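Shown next, in structure tokens, is the structure this report addresses.
Coordinate-derived values only; no laboratory data. Please read these numbers as outputs of a predicted model, since none were measured by experiment. Cβ sites come from the backbone with ideal geometry, for glycine too, and all protein chains shown count toward neighbours.
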Number of protein chains: 2
Amino acid sequence: MGFGMAISALRAGHRIWGQDINHTAMERLQQEGGTAGISIEAAAALDAVVIVVLNAAQMENVLFGPEAIVPRLRRGAVVLGCVTVAPAFAQAMETRCAEHDVLYLDAPISGGSLKAANGCLTIMASGKDAAFAAARPVLDALAETVFELGASAGSASAMKATNQLLAGVHIAVMAEALTFAATQGIDAATFLSVIQKCAGTSWMLENRAPHIVSGDYTPHSAIDIWPKDLGIVREIAGSAGFEVQITTAALRQFADASAMGLGREDDAAVVKVYARQAGVVLPGVEGERM
Amino acid sequence: MGFGMAISALRAGHRIWGQDINHTAMERLQQEGGTAGISIEAAAALDAVVIVVLNAAQMENVLFGPEAIVPRLRRGAVVLGCVTVAPAFAQAMETRCAEHDVLYLDAPISGGSLKAANGCLTIMASGKDAAFAAARPVLDALAETVFELGASAGSASAMKATNQLLAGVHIAVMAEALTFAATQGIDAATFLSVIQKCAGTSWMLENRAPHIVSGDYTPHSAIDIWPKDLGIVREIAGSAGFEVQITTAALRQFADASAMGLGREDDAAVVKVYARQAGVVLPGVEGERM
């Protein structure tokens, strides 16, 4: 995601410094006209820092860890937090950035790596007017749609968590339904061709069920995303005294998939948990030991 | 549904005899050119019988109960079973009809009363070639799309149950997500406007969430449909030794809604179960005792 976003920003005319633990991405960035690595001098000149890492711990480490970037930024620079995190964490980042006179925009993203590379992401954003103003050129370069969700960090992360709740459940229940149909002699291709024309369809079903039909579990989005993101949903709900029972049932399936060693497969592979339980054979996975 | 289907068949040039416990529907049918009630003589002349009742017990009663219609039908007439039932029940109906030389088409429907009245239903159908051939003029009159799902009764009912599994879970998880968002200060209208543009959307979310946004629970499809239909899903899955855990979590929410006295409200009212548990106020239901 980060690489595609960097390319989109370059294409829009921005100067880009990139930092990635993946050296190939760094080399490709340099080939495209960006700079690999961020020196102390470069940090002081930045207008905006876009954080696209795996989780809250990594984000906190980049912003305030041993090689903290926030204290090196100029007054009025803006940090865009594009990671899926709990609203309370986003609020804490906003507060801690403010202590260094740095702005923070809570800005989780949706859309996948292809949309990232084309500057067509959906960004859910919340933060102070000044943070929006400072981030605007970056938002314009990266996003097709920006939802402005309020004047403080947290609201955007809450909306992102809401989307993840739905998306995760929709993937898992697609797998439940596809396996249910298979127990009744309905194959995966027939399942997909009928359901996508019926009231039972969802965006995720139409996007992920084809991976099962073709037996191709090359990861577009990996299983291991979901224990993390649905865990955040449960954490937020728990703080509000609210039980997300369907989400919890879906989370259990992804956790089982991860425990089966499927964590790095495409998230459609959650169907293998169901297929094993039901004794159903899936396309392309006949001989596979699960 | 039945009335709309009768009107569509009349419009296509068929002669129609209708039977309904709702006298208003019978009167309206007569006004439209149909005949209210089915005499023994009329039954013997019928080419096709379309059964659109609530459940398997009602269907069995119409076909083989005290005023059984099947023994009165001519040889080669066809019964279209349009009710959501278990595949094993549909197979039993096919077998029992065959004992009277009557054909049976397993033909559950999807699409709602508006599509029924416009001859635009989706019909999932399975049965013998002869049953399809005999039913064809009726299918042409009622349906925009007919999925042909196999040469014996049962497959179509299995596909319908699969669709209901997904549709029911998608309604309940929409309510779970909308309430989750509300606990974080995101109102229902914002939830809908953002999610319908994101990967978390579903057909059911876009169809039912507007009822919550407008606070209008006039039943299009009632809560009480779902304990029945998801109960059928669990029954089928149980027979196959398969656990439908997400479905079970959704079923629990609809059962709770029914227990709260919401059975005849629109199925979007399942959100009231969540709202009560979370202490969230929904549009248009502020003063309502739940």
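Report, in whole Å, the centroid distance computed from the Cα atoms of the stretch B:73-97 and the stretch A:229-271. If you average the Cα positions of each part, the centres end up 41 Å apart.
For the peptide B:184-194, the mean number of other protein chain Cβ atoms found within 10 angstrom of a residue's Cβ is 4. When chain A is treated as a Gaussian network with alpha carbon springs shorter than 10 Å, the biggest mean-square fluctuation among A:ALA199, A:ALA25, A:ALA68 belongs to A:ALA199. Computed about its Cα centre, the charge dipole of chain B is approximately 120 debye, with only Lys, Arg, Asp and Glu carrying charge at their Cβ.
A simple spin-label model places the labels of B:HIS220 and A:ALA130 4.7 nm from each other, with each point 7 Å out along Cα-to-Cβ. Take every pair of alpha-carbon atoms less than 8 Å apart whose residues are at least six positions apart; their mean separation over the length of the stretch A:134-210 yields a relative contact order of 24 percent. Listed by chain and number, the lysines placed with their C-alpha closer than 16 angstrom to that of A:LYS228 are A:LYS160; residues fewer than eight positions away on the same chain are left out. Each of A:SER157, B:SER155, B:SER221 was scored by other Cβ atoms within 10 Å of its Cβ. Listed from fewest to most, they are B:SER221, B:SER155, A:SER157. Inter-copy label distances for A:GLY13: 6.6 nm (label point placed 7 Å from Cα along Cα→Cβ; shortest first).
The calculated FRET efficiency for B:ASN22 paired with B:ALA189, based on their beta-carbon distance and R0 = 45 Å, is about 0.80. Residue exposure proxy: A:HIS23, A:HIS14, B:HIS211, ordered by other Cβ atoms within 10 angstrom of their Cβ from fewest to most, comes out as A:HIS23, A:HIS14, B:HIS211.
Fewest-first ordering of B:ASP47, B:ASP106 by other beta carbons within 10 Å of each residue's beta carbon gives B:ASP47, B:ASP106. For the segment B:200-211, counting C-beta atoms of other chains within 10 Å of every residue's C-beta and taking the mean gives 4. Taking the stretch B:31-115 on its own, what percent of its Cα-Cα pair distances exceed 17 Å? So the portion of pairs separated by more than 17 Å is 47 percent. Residues considered: A:ALA158, A:ALA240, A:ALA177. Largest GNM mean-square fluctuation over chain A, using C-alpha springs under 10 Å, is found at A:ALA240.
Counting only other chain Cβ atoms within 10 Å of each residue's Cβ, the peptide A:155-165 averages 6. Using Cα pairs under 8 angstrom and six or more residues apart, how large is the relative contact order of the stretch B:157-278, in percent? Computed over the stretch B:157-278, the figure is 38 percent.
One way to sum up the overall shape of the stretch A:2-152 is the equivalent ellipsoid from its Cα gyration tensor, whose semi-axes run 21, 18, 14 Å, largest first.
With the convex hull drawn over the C-alpha atoms of the stretch B:157-278, the volume per residue is 103 Å³. In summary, the helical segments of chain A meeting the span-like criteria, namely a full DSSP H run, a Cα extent along the axis of 20 angstrom or more and a mean Kyte-Doolittle hydropathy of at least 0.0, are A:155-183, A:225-239. Sorted from shortest to longest, the distances between the A:GLU27 label points of this copy and the other copies are 8.3 nm, with each point 7 Å from Cα along the line through the beta carbon. Were the residues from A:GLU67 through A:ARG96 laid out at 0.36 nm apart, the gain over their Cα-Cα distance would be 8.9 nm.
When the helices in chain B are scored as -39500 (n - 2.57) per DSSP H run of 4 or longer and the sum is shared across all residues, what 222 nm value do you end up with, to the nearest 500 deg cm²/dmol? Helix contribution divided over all residues of chain B: -16000 deg cm²/dmol.
What does the net charge come to around A:THR95 if you take all other residues with beta carbon closer than 14 Å to its beta carbon, with K and R at +1 and D and E at -1? Show your work: numbers first, answer last.
Numbers: positive: A:ARG96, A:LYS128; negative: A:GLU60, A:GLU94, A:GLU99, A:ASP101, A:ASP106.
Once all neighbours under 14 Å are counted, the net charge is -3.
Here is the list for the stretch B:50-100: trypsin sites (Lys or Arg not before Pro) lying in DSSP coil, each with at most 13 other C-beta atoms within 10 angstrom of its C-beta, are B:ARG74, B:ARG75. Using a 7 Å offset from Cα along Cα-Cβ at A:ALA44, what residues in the stretch A:61-102 end up with backbone N under 11 Å from the label point? Zone members listed by number: A:72-74. When B:GLU206 is represented by a point 7 angstrom out along its Cα-to-C-beta vector, the spacings to that point in the other copies are 0.7 nm, nearest first. Computed across the protein assembly as shown, the Kirkwood radius stands at 25.9 Å (inverse of mean 1/r, all Cα pairs).
Starting from the coordinates of the alpha-carbon atoms of the stretch A:220-290, obtain the Kirkwood hydrodynamic radius over all distinct pairs and give the value in Å to one decimal.
Mean inverse Cα-Cα distance, inverted, gives 12.9 Å.
Any idea what % of Cα-Cα pairs in the stretch A:88-165 are farther than 20 Å? Of all Cα-Cα distances in the stretch A:88-165, 29 percent exceed 20 Å. Scaled against the 2.2 N^0.38 Å expected of a compact globular protein of N residues, the Cα radius of gyration of chain B reads 1.08.
A simple count of charges around B:ILE223, restricted to other residues whose Cβ falls under 14 Å of its Cβ and scoring Lys, Arg +1 and Asp, Glu -1, yields -1. When GluC sites (Glu not before Pro) are flagged only if DSSP places them in a loop and at most 12 other Cβ atoms lie within 10 Å, the longest unflagged stretch of chain B comes out as B:100-285.
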